[in-house]
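The values are calculated or read from the model by the stated rules, or taken from the named source; none is laboratory data. A quick note: this is a predicted structure, and the numbers were derived from the prediction, not measured. Here the Cβ is made from the backbone with ideal geometry for all residues, glycine too, and neighbour counts use every protein chain on show. Remember, those area values only see protein heavy atoms, side chains included, never the ligands or the DNA or RNA. Shrake-Rupley method; radii C 1.70, N 1.55, O 1.52, S 1.80 Å.
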Amino acid sequence: MALDPKKRDGLAKGDQDFLRIIDECGWQIMYVAPRTGLEENPQEWWGYSTGLYFHWQHPEIVLFNLD
């Protein structure tokens, strides 16, 4: 079951901000960096969408090899 982005009470500030963006914009992209950082290996970054399924029943998207 998906968490309703309008119900943010009691969550950590970072989680509240995350859900607020999904509530306001409908979705967002989260980027994940390797421990080495962007400057050393930009091709190791990846990202994923959050909120597409909740709002539009569209599969979430995962992106790899982001320069």
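Within region 2-12, identify whether any single residue is modelled with pLDDT under 85 and surrounded by 14 or more Cβ atoms within 10 Å (Cβ to Cβ), and answer yes or no.
Taking every residue of region 2-12 in turn, none turns out to be modelled with pLDDT under 85 and surrounded by 14 or more Cβ atoms within 10 Å (Cβ to Cβ).
Could you grab the pairs with beta carbons closer than 8 Å, sequence gap of 6+ or different chains, first residue in region 1-25 and more than 13 Å from LEU52 (Cα to Cα), second one surrounded by 11 or more Cβ atoms within 10 Å (Cβ to Cβ) and polar (S, T, N, Q)?
Listed pairs, sorted by first residue: ARG8/GLN16; PHE18/GLN28; PHE18/THR50.
So which residues in region 43-65 are in a strand (DSSP E or B) and either of a type in the set (A, V, I, L, M, F, W, C) or more than 15 Å from GLY26 (Cβ to Cβ) (or both)?
Those that are in a strand (DSSP E or B) and either of a type in the set (A, V, I, L, M, F, W, C) or more than 15 Å from GLY26 (Cβ to Cβ) (or both): TRP46, GLY47, TYR48, VAL62, LEU63, PHE64.
Check region 43-63 and report whether any residue there is hydrophobic (A, V, I, L, M, F, W, C), in contact with a strand residue (DSSP E or B) (Cβ under 9 Å, 6 or more places away or on another chain), open to solvent by 90 Å² or more (accessible area, probe 1.4 Å) and modelled with pLDDT of 90 or more.
No, region 43-63 contains no residue that is hydrophobic (A, V, I, L, M, F, W, C), in contact with a strand residue (DSSP E or B) (Cβ under 9 Å, 6 or more places away or on another chain), open to solvent by 90 Å² or more (accessible area, probe 1.4 Å) and modelled with pLDDT of 90 or more.
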